[in-house]
1. How many percent of DSSP beta bridges within the range 1-142 run antiparallel, rounded to 5?
2. Show that you can apply the helix-only estimate: for the chain, add -39,500 (n - 2.57) for every DSSP H stretch of four or more residues, divide by all residues, and state [θ] at 222 nm to the nearest 500.
3. What's the longest piece of the chain with no exposed GluC sites (Glu not before Pro), counting a site as exposed if DSSP puts it in a loop and it has at most 11 other beta carbons within 10 Å?
4. To make sure I understand the rule: partners must be lysines, Cα under 22 Å from the Cα of K167, and not fewer than 8 residues away in the same chain. Which ones qualify?
5. Ignoring ligands, DNA and RNA, what percent of the accessible area of the range 1-116 is carbon or sulfur (1.4 Å)?
6. Among the DSSP beta bridges whose two residues both lie in the range 80-163, what percent are antiparallel, rounded to the nearest 5?
7. Could you compute the longest span of the chain free of trypsin sites (Lys or Arg not before Pro) located in DSSP loops and having at most 14 other Cβ atoms within 10 Å, not counting the site residues?
8. What angle do you read, to the nearest 10 degrees and between 0 and 90, between the alpha-carbon axis of helix 100-109 and the longest principal axis of the chain?
Amino acid sequence: MHLPVQKSQVVIDAITKCYSEYYANAHRGVDTFTQLAPTELEQVREQVRLFLNAQSVDEIVFTQGTTEAINLVAASWGKTYLHAGDEILISALEPHSNIIPWQQLCREVGAQLKILPVDNNGILQTGFLEQLLSHRTRILALSHVSNVLGTINPVVAIIQAVRAYDKRHWGKKEET
């Protein structure tokens, strides 16, 4: 039986290499280690840019973890682009780190938080997506794997459903 791990071997190897070969604060000094760190950092930033098909490495921001990243998106993107009446969709399986920033943002800007329900077995009820999505939905923020129940959410199917919804309703206006 293959159990999921918190860090893949490639990540462990990269951390080990960093700690043993060039651990230093990037862009903060002139010694050899400090010169290697930004080179490695910028190579990774370019790899991520290519993977995400971003236009520029300036679009790639590294954070210490998921919680910091969610807070950053809610505080920057959310406060810039969300307005009263807009909707944020999350699942009932989300950890607090993916609920609280969106709740706070909704209170601040007057947006509405919608929640995709789960059944009694902890399985996301993706059949409700069609009912919960609307022309006011601005972001869908959900976990791939629940850190509470271990439920693996069907994110590919969810993305396909959201794209199908967008395609069917593109250009259609709902009553506000």
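The values are calculated or read from the model by the stated rules, or taken from the named source; none is laboratory data. From a predicted model like this one, the values you see are computed outputs, not experimental measurements. Heads up, the Cβs are rebuilt from the backbone with ideal geometry, glycines too, and the neighbour counts pull from every protein chain shown. These accessible areas exclude ligands, DNA and RNA; they are computed on the full protein's heavy atoms, side chains included. Shrake-Rupley method; radii C 1.70, N 1.55, O 1.52, S 1.80 Å.
1. So the antiparallel bridges in the range 1-142 amount to around 10 percent.
2. Theoretical 222 nm ellipticity from helices: -11500 deg cm²/dmol.
3. Result for the longest clean stretch: 1-173.
4. K114
5. 56
6. Percentage antiparallel, nearest 5: 20.
7. Excluding the exposed sites themselves, the longest stretch runs over 29-171.
8. Tilt of helix 100-109: around 60 degrees.
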